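Data first, discussion second: the structure below is written as structure tokens.
Coordinate-derived values only; no laboratory data. The structure displayed is predicted, hence computed values, not measured ones. Heads up, the Cβs are rebuilt from the backbone with ideal geometry, glycines too, and the neighbour counts pull from every protein chain shown.
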Amino acid sequence: MQQVPSSKIVVMTAGGVNPQVMINALAARFPDLHVIEERPETKGEILRRRARNLGWLNATGQMATMIASRLGKKLAERRSEEIIRQFGLSERRDPAMPMKHVSSINSAECHAAVIELSPAVVFTISCGILSKATLAAIPCPVINFHAGINPMYRGQMGGYWARVEEDEKNFGATVHLVDAGVDTGGSLHEHRVTPSGADTIATYPLLLTAASTGIAIKAIEDALSGNLRPYRPTGRSALRYPPPIWTWIRHGITKGIW
């Protein structure tokens, strides 16, 4: 008897409003959707990890930016609600959504969950970097949503850096295959959008997520039909991080980009 191909989708995430908006959009298109949610990093863990890579000065400056950018929380909340309404989406978690909680997407329990679910495709959004062992344990294509245009705006805050570098034509998002690097896998689809004057570093990622659910759906459809067509985008490759607070304030004052 011929085996029926799986149509099961597994989303890996650390949770939050942005990924929930995407998950809800995917669930409306793909009924057999399952979520594996890892424990998000604490601020202390993020600070120590960045300090190892960038030094304590830059790591502390980046953390200060993230804290300061939330001082206008009410303004950001209003704009976030506008974005979600604009694209007809929802950030509400569906209690009926099948969900598995794990300590880390790179844990043995996560590997076991993926093997048990046997998905046709794994979709990652706002989660940790998949280790080589995790990639080897996943028996299907792994696709990532990235709020930036690769390869120029890999890493974090791609929309912010596109604006700062006066490259607003590349204010956009990429859906790409996942490999062992950071946003280095072959690109599948891109989508560009124009931010409003009310957008800041606190809302750019949500805007890019909400505006780009279509390319995520298209990539998963391609995976299910066996029509993935990855390509290598042109442009210089640069790994981005949140700006340290002195850089964020300077660009805010001189360029009006917050």
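Quick look at the numbers
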| read-out | value |
| --- | --- |
| Percentage relative contact order, region 9-255, counting C-alpha pairs under 8 Å, at least six apart | 24 percent |
| Ranked packing of 248-254, 116-122, most packed first, by mean Cβ within 10 Å | 116-122, 248-254 |
| Cβ-based net charge around E91, under 13 Å, with every Lys or Arg adding one and every Asp or Glu removing one | -1 |
| Acute angle (nearest 10 degrees) that the helix 108-117 long axis makes with the longest principal axis of the chain, alpha-carbon atoms | 50 degrees |
| Helix-only [θ]222 nm of the chain, DSSP H runs n ≥ 4, -39500 (n - 2.57) each, per residue, nearest 500 | -12500 deg cm²/dmol |
| Local electrostatic count at K8 - Lys and Arg +1, Asp and Glu -1, tallied over other residues with Cβ under 15 Å | -1 |
| Degrees, to the nearest 10: 245-255 long Cα axis against longest axis of the chain | 70 degrees |
| Angle between the chain longest axis and helix 73-86 axis [Cα atoms, degrees, rounded to 10] | 50 degrees |
| Cβ-based charge dipole, the chain, positive-most Cα from L117, T184, H101 | T184 |
| Highest average packing first - 153-162, 173-182, 125-134, Cβ atoms within 10 Å | 153-162, 173-182, 125-134 |
| Global geometry of region 11-147, whether rounded, prolate or oblate, following the gyration tensor of its Cα atoms and the 1.5 cut on a/c | oblate |
| Gyration tensor (alpha-carbon) shape descriptor, the chain, a/c threshold 1.5 | prolate |
| Net charge over other residues, Cβ less than 11 angstrom from the Cβ of H101 (K, R count +1; D, E count -1) | -1 |
| For the chain, size of Cβ-based charge dipole, Lys and Arg +1, Asp and Glu -1, in debye | 660 debye |
| For region 9-255, with +1 on Lys and Arg beta carbons and -1 on Asp and Glu, the positive-most of I215, A162, T247 along the dipole | T247 |
